[in-house]
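Below: the structure, in structure tokens.
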Amino acid sequence: MTQSQPSPPRTLLVRYSEAIVPTEYGPYRVVVYREADTGDEHCAFVRGEVRGSTDLLVRVHSECFTGEVLHSLKCDCREQLDQALRRIADDSEGAVLYLRQEGRGIGLGNKIRAYALQAEGIDTVDANLRLGFEADARRYTIAAEMLRDLGVQSIALLTNNPEKVQALREDGVVVSKRLPMNIEPNAHNRGYLDTKVQRMGHLIDLL
């Protein structure tokens, strides 16, 4: 008799509020979740009726204050978020799961400290390591919990990061396929994107 695999550990996540929000891509249902132990809030931006969906178009996106609010040119986060919202709107069904884990999980203050090191010529990976953090400290258990609550059966994941696919699968998410997100580099983020490809295994077409 085959022994069943243990379920991945779960975080107690509470669906706190939801409402329809008009956006430049059309209306999205914004569902806010709270972590019961920390009070941290995460959001699902949902388009269409997703309960029971298979191969649902999904972007699991980590917060980026500098890129999304300040329109920093050092990363491609805002462009990826915009592209995901646009593609889901065009498809009429899907979800962006917006996780509050700034700076690949190290927080805003430490992200700015890493930026200061990058200004000295250190790449984004070594800057995080120099500060005593992992190159990428993000976790995706919350995203898996959100998908379970939304009743999604399987997803087509919008990402260039194979490790994100693997992490979600380890948390019990059925990722049926990965869909690339290609963003045109600029003079300020080209090195950052090169590092993602060469040192973090991201699958990005930089041509």
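Numbers below:
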| read-out | value |
| --- | --- |
| Any hit, the range 149-158, residues being among the charged types (D, E, K, R) and at pLDDT below 95 | no |
| Hits in the range 11-30 (condition: in a loop (DSSP other than H, G, I, E, B) and surrounded by 12 or more Cβ atoms within 10 Å (Cβ to Cβ)) | T11, Y25 |
| Selection status of T23, within 23 Å of Q153 (Cα to Cα), in contact (Cβ under 8 Å) with a residue 40 or more places away in the chain and more than 18 Å from the chain's Cα centre (by Cα) | no |
| Of residues in the range 128-153 being among the basic types (K, R) and surrounded by fewer than 16 Cβ atoms within 10 Å (Cβ to Cβ), the one nearest to S17 (Cα to Cα) | R148 |
| The range 31-53 - residue that is surrounded by fewer than 16 Cβ atoms within 10 Å (Cβ to Cβ) and of a type in the set (D, E) and, of those, farthest from V21 (Cα to Cα) | D37 |
| Qualifying positions in the range 97-124 - in contact (Cβ under 8 Å) with a residue 60 or more places away in the chain and within 27 Å of T38 (Cβ to Cβ) | R100, T124 |
| Qualifying positions in the range 154-181 - of a type outside the set (A, V, I, L, M), in a loop (DSSP other than H, G, I, E, B) and surrounded by 15 or more Cβ atoms within 10 Å (Cβ to Cβ) | S154, T159, N160, N161, D171, G172 |
| Condition check for G109: of a type outside the set (D, E, K, R) and within 17 Å of G67 (Cβ to Cβ) | yes |
| Qualifying positions in the range 178-192 - in contact with a Ser or Thr (Cβ under 9 Å, 6 or more places away or on another chain) and either among the acidic types (D, E) or modelled with pLDDT of 90 or more (or both) | R178, L179, P180, M181 |
| Test: residue in the range 103-117 that is crowded, with 17+ Cβ neighbours inside 10 Å, more than 22 Å from F133 (Cβ to Cβ) and among the small types (G, A, S) | no |
| Meets criteria (surrounded by 15 or more Cβ atoms within 10 Å (Cβ to Cβ) and either free of Cβ contacts under 8 Å to residues at least 12 places away in the same chain or touching a helix residue (DSSP H, G or I) at 6+ places or on another chain (Cβ under 8 Å) (or both)) for C64 | yes |
| Qualifying residue in the range 113-127 (condition: in a loop (DSSP other than H, G, I, E, B) and under 26 Å from Y16 (Cβ atoms)) | no |
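The values are calculated or read from the model by the stated rules, or taken from the named source; none is laboratory data. Small disclaimer: the values here were computed from a predicted structure and weren't measured. Don't worry about glycine lacking a Cβ; one is built from the backbone with ideal geometry, like all the others, and counts go over all protein chains shown.
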